[in-house]
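Novice: Here it is, the structure in full.
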Amino acid sequence: MEQGQWRQARRLVREARRVVALTGAGISAESGVPTFRDAGGLWKSHRPEELATPEALARDPRTVLEWYAWRRSALAGCRPNEGHRALARFFLRRGEAGLVTQNVDGLHTRAALEEAGEDPAEAALPLELHGAVGRDRCESCEARWPAEPLGETLPRCSACGGLRRPDVVLFGETLDPDLLDRARRLAERADLCLVVGTSAVVYPAAALPLATRGAGGHIVEVNVQRTALTEVATLALLGEAGTVLPALLD
Ligand code: BV8
Ligand code: ZN
């Protein structure tokens with residue numbers, strides 16, 4: 001990475017009054033979590049965008065629930081990597097929340113709890129815009145539970161008999177308005193938005209860095225390749241999140 005760029009990036013981080021970070025599947029790639037657009041992103045010949053929809057859940061709930069059960073089992077062996085940890089340490093040091101993720105793998109939350117140890121972890125806990133596969137919710141009454149292994153019969157809500165489904169936002173479903181509002185306010189009030197490991201094509205998440213820029217703030221992107229956001233970024237740091245983030249933030 002070009003020295004001048006690197007020095008400018010470290011200065012932007014050092015001088016920033018308020019920082020927001022938006023992460024995507026790329027930050028979990030080094031933990032062994034497949035990204036969406038990875039060549040192998042298919043499951044049983046289904047494209048994620050096909051399975052992660054309310055239409056697919058209504059049409060064939062077993063296949064969709066089996067996909068999420070498979071993703072949960074694949075996650076079981078994964079641990080937060082140095083990228084997750086560096087972000088957790090960064091927000092714990094600043095004592096001010098600012099981490100927003102599109103990931104449903106729960107690795108940012110684990111990194112926050114592990115890095116905080118006995119101390120409060122709030123500042124490093126992410127706003128999980130698209131939910132978490134580790135949680136289930138009732139399709140009808142919104143009751144929530146820790147996710148359970150999928151049995152022979154479709155899981156039902158003990159309160160209303162509704163379908164128990166993963167507590168994630170499917171394509172075509174709206175995000176939790178309170179969470180989205182908090183993320184938008186963080187982005188609008190930040191003078192630096194760190195964008196890590198996302199192709200920045202899924203909305204409304206992809207609009208958050210533009211809100212920071214629109215308010216006169218800077219975008220610093222960390223990715224192994226160019227994305228839809230690179231041309232509007234102040235700086236694009238090409239490299240793996242697990243290597244770049246500790247060097248940039250610690
Ligand atoms: C909604 C949960 C109201 C489920 C997910 C405006 C314009 C166009 C379309 C729309 C629009 N507004 C709404 C839409 C429709 C849609 C959308 O954005 N479609 C896209 C595909 C065009 N949005 C919605 O449906 C949203 N709902 O808007 O409701 C509405 C409804 C209908 C119509 C209008 C309004 C809901 C979106 C949320 C869907 N749920 N996940 C699940 O996980 O199963 S999205 C899911 O996909 C992820 O959460 C994430 O958001 C996205 C994947 O993107 P990335 O995380 O960026 O991953 P990707 O693989 O693409 O890229 C990885 C990157 O990492 C790459 O750049 C790679 O180079 C990099 N990388 C790899 N390794 C590393 C690395 N970088 C650094 N280090 C490494 N080691
Ligand atoms: Zn219910």
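The values are calculated or read from the model by the stated rules, or taken from the named source; none is laboratory data. Note that this is a predicted model, so its numbers are computed, not measured. Note that we place each Cβ from the backbone using ideal geometry, even for glycine, and neighbour counts take in every protein chain shown.
Novice: What residue, of Glu152, Glu148, Glu96, is more than 13 Å from ligand 1 (Cβ to nearest atom), assigned to a loop (DSSP other than H, G, I, E, B) and touching a residue at least 24 places away in the same chain (Cβ under 8 Å)?
Specialist: Details: Glu152 fails: touching a residue at least 24 places away in the same chain (Cβ under 8 Å); Glu148 fails: touching a residue at least 24 places away in the same chain (Cβ under 8 Å).
Selected residue: Glu96, the only one of Glu152, Glu148, Glu96 that is more than 13 Å from ligand 1 (Cβ to nearest atom), assigned to a loop (DSSP other than H, G, I, E, B) and touching a residue at least 24 places away in the same chain (Cβ under 8 Å).
Novice: Another question, if that's okay. Which of the residues that make up the stretch 136-145 are within 16 Å of ligand 1 (Cβ to nearest atom) and under 14 Å from Pro54 (Cβ atoms)?
Specialist: Arg137, Glu139 - these are the residues of the stretch 136-145 that are within 16 Å of ligand 1 (Cβ to nearest atom) and under 14 Å from Pro54 (Cβ atoms).
Novice: Search the stretch 177-202 for residues being farther than 29 Å from Pro246 by Cβ and out of contact with any Leu (no Cβ under 8 Å at 6 or more places or on another chain), and hand back the single one that is farthest from ligand 2 (Cβ to nearest atom). It would help to see each step written out before you state the result.
Specialist: In the first step, residues of the stretch 177-202 are kept if they are farther than 29 Å from Pro246 by Cβ; the result is 177-178, 180-181.
This time we only want the ones that are out of contact with any Leu (no Cβ under 8 Å at 6 or more places or on another chain), so: 177-178, 181.
Values: Pro177: 20, Asp178: 20, Asp181: 25 Å.
My answer is Asp181.
Novice: A follow-up question, please. Six or more apart or on different chains, Cβ atoms under 6 Å: show the pairs whose first residue is in the stretch 18-29 and among the basic types (Lys, Arg) and whose second is assigned to a loop (DSSP other than H, G, I, E, B).
Specialist: Pairs found: Arg18/Ala190; Arg18/Asp191.
Novice: Can you say whether Ala241 is surrounded by 23 or more Cβ atoms within 10 Å (Cβ to Cβ) and either in contact (Cβ under 8 Å) with a residue 24 or more places away in the chain or of a type in the set (A, V, I, L, M) (or both), as far as the supplied structure shows? Don't jump to the end; show me each part of the working.
Specialist: Working: surrounded by 23 or more Cβ atoms within 10 Å (Cβ to Cβ): yes; either in contact (Cβ under 8 Å) with a residue 24 or more places away in the chain or of a type in the set (A, V, I, L, M) (or both): yes.
So Ala241 fits the description; yes.
Novice: For Ala200, state whether it is under 22 Å from Glu30 (Cβ atoms), more than 6 Å from ligand 1 (Cβ to nearest atom) and surrounded by 20 or more Cβ atoms within 10 Å (Cβ to Cβ). Let's see the steps before the verdict.
Specialist: Values: under 22 Å from Glu30 (Cβ atoms): yes; more than 6 Å from ligand 1 (Cβ to nearest atom): yes; surrounded by 20 or more Cβ atoms within 10 Å (Cβ to Cβ): yes.
Judged against the criteria, Ala200 is a match.
Novice: In this structure, does Arg62 turn out to be in contact with a strand residue (DSSP E or B) (Cβ under 9 Å, 6 or more places away or on another chain) and among the basic types (Lys, Arg)?
Specialist: Details: in contact with a strand residue (DSSP E or B) (Cβ under 9 Å, 6 or more places away or on another chain): no; among the basic types (Lys, Arg): yes.
The answer is no for Arg62.
Novice: Quick one: would you say Ser140 is more than 30 Å from Arg17 (Cβ to Cβ), away from ligand 2 (no atom under 16 Å from the Cβ) and surrounded by fewer than 18 Cβ atoms within 10 Å (Cβ to Cβ)?
Specialist: no
Novice: Any idea which of (1) surrounded by 13 or more Cβ atoms within 10 Å (Cβ to Cβ); (2) away from ligand 1 (no atom under 16 Å from the Cβ); (3) modelled with pLDDT of 95 or more is the one Ala124 doesn't satisfy?
Specialist: Evaluating Ala124 over (1) surrounded by 13 or more Cβ atoms within 10 Å (Cβ to Cβ); (2) away from ligand 1 (no atom under 16 Å from the Cβ); (3) modelled with pLDDT of 95 or more leaves (3) as the failure.
Novice: Is it the case that Val133 is within 15 Å of ligand 1 (Cβ to nearest atom) and more than 22 Å from Leu245 (Cα to Cα)?
Specialist: Details: within 15 Å of ligand 1 (Cβ to nearest atom): yes; more than 22 Å from Leu245 (Cα to Cα): yes.
Spelling it out, Val133 is indeed within 15 Å of ligand 1 (Cβ to nearest atom) and more than 22 Å from Leu245 (Cα to Cα).
Novice: Follow-up question, since we're still on this one. Only one residue in Ala112, Ala187, Ala183 is more than 13 Å from ligand 1 (Cβ to nearest atom), in contact (Cβ under 8 Å) with a residue 60 or more places away in the chain and in a helix (DSSP H, G or I), so which one is that?
Specialist: Values: Ala112 fails: in contact (Cβ under 8 Å) with a residue 60 or more places away in the chain; Ala183 fails: more than 13 Å from ligand 1 (Cβ to nearest atom).
Just one listed residue meets the conditions, Ala187.
Novice: Quick test for you: out of Gly172, Gly161, Gly216, pick the one residue that is outside any helix (DSSP H, G or I), within 11 Å of ligand 1 (Cβ to nearest atom), more than 15 Å from the chain's Cα centre (by Cα) and surrounded by fewer than 21 Cβ atoms within 10 Å (Cβ to Cβ).
Specialist: The unique qualifying residue is Gly172.
Novice: Would you mind stating whether Ser31 is at pLDDT 95 or above and among the polar types (S, T, N, Q)? Break it down into steps so the answer makes sense when it comes.
Specialist: Working: at pLDDT 95 or above: yes; among the polar types (S, T, N, Q): yes.
Here the answer is yes, as Ser31 does meet what is asked.
Novice: Also, quick follow-up: If a residue has to be in contact with an Asp or Glu (Cβ under 8 Å, 6 or more places away or on another chain) and either closer than 24 Å to Tyr203 by Cα or charged (D, E, K, R) (or both) to count, how many in the stretch 83-105 make the cut?
Specialist: 7
Novice: The conditions are (1) in contact with a strand residue (DSSP E or B) (Cβ under 6 Å, 6 or more places away or on another chain); (2) more than 21 Å from Asp136 (Cβ to Cβ); (3) not β-branched (Val, Ile, Thr), and Arg72 fails exactly one of them. Which is it?
Specialist: Unmet condition: (2).
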